[in-house]
Amino acid sequence: MKFTQEELPGGALKVTLEGALDIAGAGVIDLPFNIIAGSRKKILLDFTKVDFLASIGIRVLVQMARTVGQRGGVVVLLNPNDAARRVLMSTGVDTIIKLVDDEASAMAAIA
């Protein structure tokens, strides 16, 4: 799992993920995501290049979203593939993290 960070207008942070969000991938992002969640209120997670999502990856995402939400912030997930979208919706994660298909919708959701 690789990830990059990009500052967006309005104090938002875009985190682009690439690879598998499995046990190894979750291990790579767990600590950085905790730091981001503790310091940011508007987070856009770009899932365009995520090719696999395991339950441990979902845990990391939910933990981030709950931490940010407790501080009055929002986490938006951009462009999950069909398999990831189905898993996120069937587990109810889409009630905690807004799922969007394009960057314009993502920017509106974090504005």
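A few remarks follow.
- Complete set of residues in the stretch 61-111 that are at positive phi and either touching a Phe, Trp or Tyr at 6+ places or on another chain (Cβ under 6 Å) or of a type in the set (Ser, Thr, Tyr) (or both): Asn79
- Filter result for Val87 (part of a helix (DSSP H, G or I) and either open to solvent by less than 80 Å² (accessible area, probe 1.4 Å) or in contact with a strand residue (DSSP E or B) (Cβ under 8 Å, 6 or more places away or on another chain) (or both)): yes
- The set of residues in the stretch 90-111 being small (Gly, Ala, Ser) and not in a helix (DSSP H, G or I) consists of Gly92, Ala111.
- Any chance Leu61 is aliphatic (A, V, I, L, M) and either touching a Leu at 6+ places or on another chain (Cβ under 7 Å) or exposed (fewer than 14 other Cβ atoms within 10 Å of the Cβ) (or both): no
The values are calculated or read from the model by the stated rules, or taken from the named source; none is laboratory data. Just so we're clear, the structure is a prediction, and the values are computed from it rather than from any experiment. Please note: Cβ atoms are built from the backbone with ideal geometry, for glycine as well, and neighbour counts cover all protein chains shown. Just so you know, the surface numbers come from the protein's heavy atoms only, side chains and all, with ligands and any DNA or RNA stripped out. Shrake-Rupley method; radii C 1.70, N 1.55, O 1.52, S 1.80 Å.
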